[in-house]
Amino acid sequence: MRELLTKLEQATALDRAGDRLQRAVLDTLRSQRVKDLLHGVWLGHPLHPAMVQVPVGAWISAAVVDLLPGQRRAATALVGVGTLSALPAAVAGLNDWAALSRDQRRVGLVHAAANLAGVALYAGSLAARLAGRHGTGRRLAFLGLSAASAGAYLGGHLAYKQGAQVSQSISELHRMSDGWHPVGDLTELPQRQLVTREIDDVSVILYRHGDDVTVMLERCPHQSGPLGEGEVQEIDGHACVVCPWHGSAFRLNGGEVVHGPSGNDQVILPTRIVDGRLEARLP
Ligand code: FES
């Protein structure tokens, strides 16, 4: 299975279809507001994994209910809820998928295809049940669950092996030792400019506003882009750093993500001033 997944990550034959789908998704989902909503910016976490709980839960419940006698109406209702709720979850997934790296998009494409097959089988199951053909509905539902389970397996690979939509910056904290670390003299820090420093080989960015200084991890939570090379922009009245790679924006006075594709906030380190020297530590 591992070999198969590695081959899938390297399957350039998928790129033509993947590139076309990516263009179609980017052309369709143009509104930044809609994209942020679907990325889960408002939640501070990617939305797609939360949304898939509804169809997966409903479909598994339908499979259990299908094994019990006299539960046809309950099973039909659960299949209906699962099938309808899969559609917004798929849109959120496609929105995330379009901003992934190429190897992640290859696996994501097969993940989406397996889930699409699952939704089609469940839609057929629902239609059969509503027409009174409950035996056919049950068989199609079990096939649908198999396809959706294959999709879920690939989704797990995407998240846990390939790190898709998982915060890429959080592991930096594990390389930083406890205690306060000197970062520089306050007087040497320019006002309202990004400055890059290192703490225990971990790159951080400093942003001074008056006597307040933000110390933020430099590695972008989305795909490790260098925030120190990004721009500072005023967004909704807050100074934000905008990632130079895909445009995710994070508030410099709190680290909250304000624009995706990152669905995760950025880490800010607590600071103090001792004898004019700025110090920072792990949160
Ligand atoms: S690396 Fe993608 S937005 Fe920063």
- Take the Cα gyration tensor of the chain, multiply each eigenvalue by 5, square-root it, and list the three semi-axes largest first, rounded to whole angstrom. 45, 18, 17
- Would you please give the residues with an amide H less than 5 Å from that of Ile235, counting only those at least 5 places away or on a separate chain, with H modeled from the backbone geometry? Cys240
- Query: Hey, got a sec? Which trypsin sites (Lys or Arg not before Pro) in the range 171-275 land in a DSSP loop and have at most 16 other Cβ atoms within 10 Å?
  - Reply: Arg192
- Query: Taking +1 at the Cβ of each Lys and Arg and -1 at the Cβ of each Asp and Glu, which of Val204, Gly254, Gly135 sits farthest along the dipole of the chain towards its positive end, judged by Cα position relative to the Cα centre?
  - Reply: Gly135
- List the DSSP H helices in the chain whose Cα atoms stretch 18 Å or more along the helix axis and whose mean Kyte-Doolittle hydropathy is at least -0.5. 53-66, 72-97, 102-130, 134-156
- Query: Roughly how big is the range 1-148's charge dipole about its Cα centre, with Cβ charges of +1 (Lys, Arg) and -1 (Asp, Glu), in debye to the nearest 20?
  - Reply: 380
- For the range 1-67: rounded, prolate or oblate by the Cα gyration tensor [a/c cutoff 1.5]: oblate
- Message: Between the range 1-78 and the range 215-283, what is the separation of their alpha carbon centroids in Å?
- Response: 29
- Taking all pairs of distinct alpha-carbon atoms in the range 126-255, Kirkwood radius in angstrom: 18.1
- Taking the Cα centre of the range 1-84 as origin, sum charge times position over the Cβ atoms of Lys and Arg (+1) and Asp and Glu (-1), and report the length of that vector in debye to the nearest 20. 200
- Task: Let me know the charge dipole size of the chain about its Cα centre in debye, to the nearest 20, where only the beta-carbon of Lys, Arg (+1) and Asp, Glu (-1) is charged.
- Result: 1960
- Query: If we count other beta carbons within 10 Å of each Cβ, what is the order of Ile199, Ile273, Ile60, fewest first?
  - Reply: Ile273, Ile60, Ile199
- Among Ala152, Val166, Gln191, flag the residue with its Cα farthest along the positive direction of the charge dipole of the range 142-220, charges on Cβ as +1 for Lys/Arg and -1 for Asp/Glu. Ala152
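None of the figures in this text is laboratory data; all of them are computed from the coordinates on show. Please read these numbers as outputs of a predicted model, since none were measured by experiment. Methodologically, a virtual Cβ is constructed for each residue, glycine included, from the backbone with ideal geometry; neighbour enumeration extends over all protein chains shown.
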